[in-house]
Amino acid sequence: MPNIKIFSGSSHQDLSQKVADRLGLELGKVVTKKFSNQETCVEIGESVRGEDVYIVQSGCGEINDNLMELLIMINACKIASASRVTAVIPCFPYARQDKKDKSRAPISAKLVANMLSVSGADHIITMDLHASQIQGFFDIPVDNLYAEPAVLKWIKENIPEWKNCIIVSPDAGGAKRVTSIADRLNVDFALIHKERKKANEVDRMVLVGDVKDRVAILVDDMADTCGTVCHAVDNVCHFAFSLKMFDLLLCFLQSRAPISAKLVANMLSVSGADHIITMDLHASQIQVGFTALQRI
C-alpha cells in the first residue's frame, strides 16, 4: 500500500498496531516525550514528504495531554510536507460540551474542531460521536463511523433470548441510538429520564417503558464515572423486574483516578448487571473485577 503511513499517539498504541497489521504496514517511527515543565515534544522519525499520513490518537485517559500531542503530531507532519494528514480519533475529546446548556458555557467541541483544522488536519475519522452535530463544526471532511453493526452481531450471537429483549437508553440523549438498534432487531425500546443537580452526579431516574420479564440490553455511548449506568441498572433490575441485564458500553473512559476498574465492575455487578460488554480497548483492565465482562 504505497504512500500511506500510520503513526500512533501514546493513547492507543495497541489499536494502532492492530490497524497497521491488518493493512500489512509498519507503524511509522515517532518519539514523544515531555520536558521537565511537562511540555510535549514530538519527533517524527522518518520522511513523510508526499505521503498520505494517518495519526491514531484517542480522547481517553489523559485527555488534555493526548489532544495536545495529536495537534503537535498533525502539525509536525504537515510542515514536513505530508500530502494529506488524517486524524483517527476513536473517542472524540470534549464531545459532551457540544452546546451552550447554560449561560456563559463554552462550546468546547467546536474549539477542538477549530484546533484540529488549524493544526493542519485534512480529514477526521471518529466513532459514535456523542452528538452528531459535531460533524458540522468542521470545514474539512469528517467520517463518523458507527458501532451498531458490531453491536447487532454481538447481540444475535451471544444472547439466545435476544428476540425477547428490550433495548434501553440510560438517558434521553441516547434515544436515537437505541431506537435504531431496536428497529434493526424488531424489538421494543425503553428509556430512562435522568435529572442532574450537577455534572457527573445523577439525582433521580424515571424508567419509561415496560421491561418486566424481558432481557434488558442497556446501550450507552460513553461511561465516565459510571454513575448513570449504575443507577440505570439498579432502576431496571430492582424496580422494573427485568429478566436479565446486559450493559453495552461503547467507550469506557475511566477518567476519575479514585475509581478503579475493579471497583466499577463490582458496582455494576452489585447493581444487577449480568454482563458488561465494552468496545473500548482500555476496558481490558476491568476483567480483573468482573469475569462476565466481554469485549466486542
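Side notes on the structure shown:
- Any hit, region 214-228, residues being modelled with pLDDT under 70 and either in a strand (DSSP E or B) or of a type in the set (A, V, I, L, M, F, W, C) (or both): yes
- Considering Leu152, Leu129, the condition of being part of a helix (DSSP H, G or I) and surrounded by 13 or more Cβ atoms within 10 Å (Cβ to Cβ) is satisfied by Leu152 alone.
- Screening Ala109, Ala147 for residues that are without any contact (Cβ under 8 Å) to a residue 40 or more places away in the chain, under 28 Å from Val219 (Cα atoms), aliphatic (A, V, I, L, M) and surrounded by 13 or more Cβ atoms within 10 Å (Cβ to Cβ) leaves exactly one candidate, Ala109.
Here's the yes/no breakdown for (1) surrounded by fewer than 16 Cβ atoms within 10 Å (Cβ to Cβ); (2) among the basic types (Lys, Arg); (3) at pLDDT 95 or above; (4) not in a strand (DSSP E or B):
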position	(1), (2), (3), (4)
Met1	yes, no, no, yes
Leu70	no, no, yes, yes
Ile74	no, no, yes, yes
Val85	no, no, yes, no
Pro93	no, no, no, yes
Asp98	no, no, no, yes
Ala113	no, no, yes, yes
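- On inspection, Ile89 passes the criterion of being buried (at least 20 other Cβ atoms within 10 Å of the Cβ), of a type in the set (Val, Ile, Thr) and modelled with pLDDT of 90 or more.
- Residue within region 106-117 that is assigned by the TED database to the domain that holds Ala80 and closer than 20 Å to Asp52 by Cα present: yes
- Within region 14-42, the set of residues being of a type in the set (S, T, N, Q), without any contact (Cβ under 8 Å) to a residue 40 or more places away in the chain and under 11 Å from Val56 (Cα atoms) comprises Gln17 only.
- Residue match in region 47-57 (condition: closer than 18 Å to Gln13 by Cβ and over 26 Å from the mean Cα position of the chain (by Cα)): no
- Region 11-38, residues that are surrounded by 16 or more Cβ atoms within 10 Å (Cβ to Cβ) and either on the phi > 0 side of the Ramachandran plot or part of a loop (DSSP other than H, G, I, E, B) (or both): Ser11, His12, Gly28
- Identity of the residue in region 164-196, modelled with pLDDT of 90 or more and surrounded by fewer than 13 Cβ atoms within 10 Å (Cβ to Cβ), that ends up nearest to the chain's Cα centre (by Cα): Asp183
The values are calculated or read from the model by the stated rules, or taken from the named source; none is laboratory data. Note that this is a predicted model, so its numbers are computed, not measured. Cβ: placed from backbone, ideal geometry, glycine included. Neighbour counts: every protein chain shown.
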